[in-house]
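Enquirer: I have a structure I would like to understand better, so I am pasting it below and will then ask my questions one at a time.
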Amino acid sequence: GETLWLAGAGDGNGALWNFSGANTVSGPVTLTAATTLGAAAGSTLTLAGGLALDNQALTLGGAGTIVLGNALTSTSSLTLAGGTLDLGGFAHAFATLDVTADSILDFTGSSTLSLTDVAVASGATLT
């Protein structure tokens, strides 16, 4: 698929927001500035084509699930601000990971995570 270039917070939910159902972005997603992505409760957004942060901060929000369909290695920061981040069974590396309350970081399969700095808020879940 074609590359999807994203930046910013969109209408406040995210530059890319999954409203309902299970949906997949098959092409690569590249951030050009700090960006927010999200999924509504009961929905799943799969980023199957890979995600390039290009040293931009990424915030994942909403009450739904976001699945990383490829390994992600970045010197950028990642904030999980609600919902579930499914690491998809891949090895990932971030400079900074902030998991806020009411968030779930899912290590399903053989997922691994290398971090320089991590903060996990009270009320967050690591599975």
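Enquirer: Out of segment 96-127, which residues are open to solvent by 20 Å² or more (accessible area, probe 1.4 Å) and small (Gly, Ala, Ser)? Give the derivation first.
Expert: The first filter runs over segment 96-127 and keeps only residues open to solvent by 20 Å² or more (accessible area, probe 1.4 Å), leaving 96, 98, 100-102, 104, 106-110, 112-127.
Selection gives Ala101, Gly109, Ser110, Ser114, Ala119, Ala121, Ser122, Gly123, Ala124.
Enquirer: Within segment 1-31, which residues are over 18 Å from Ala57 (Cβ atoms), open to solvent by 20 Å² or more (accessible area, probe 1.4 Å) and not in a strand (DSSP E or B)?
Expert: Scanning segment 1-31 gives Gly1, Glu2, Thr3, Asp11, Phe19, Ser20, Gly21, Ser26, Pro28.
Enquirer: Mind checking which residues of segment 58-78 are of a type in the set (S, T, N, Q) and under 25 Å from Gly21 (Cβ atoms)?
Expert: Just the residues of segment 58-78 that are of a type in the set (S, T, N, Q), to begin with: 59, 65, 70, 73-77.
If the condition is that a residue be of a type in the set (S, T, N, Q) and under 25 Å from Gly21 (Cβ atoms), then Thr59, Thr65, Asn70 are the ones that fit.
Enquirer: Moving on. Could you grab the pairs with beta carbons closer than 6 Å, sequence gap of 6+ or different chains, first residue in segment 93-110 and at negative phi, second one open to solvent by 60 Å² or more (accessible area, probe 1.4 Å) and assigned to a loop (DSSP other than H, G, I, E, B)?
Expert: From segment 93-110, the pairs are Ala95/Thr75; Asp106/Thr127.
The values are calculated or read from the model by the stated rules, or taken from the named source; none is laboratory data. No experiment lies behind these values; they were computed from the predicted model shown. Note that we place each Cβ from the backbone using ideal geometry, even for glycine, and neighbour counts take in every protein chain shown. With ligands, DNA and RNA removed, areas are computed over all heavy atoms of the protein, side chains included. Shrake-Rupley method; radii C 1.70, N 1.55, O 1.52, S 1.80 Å.
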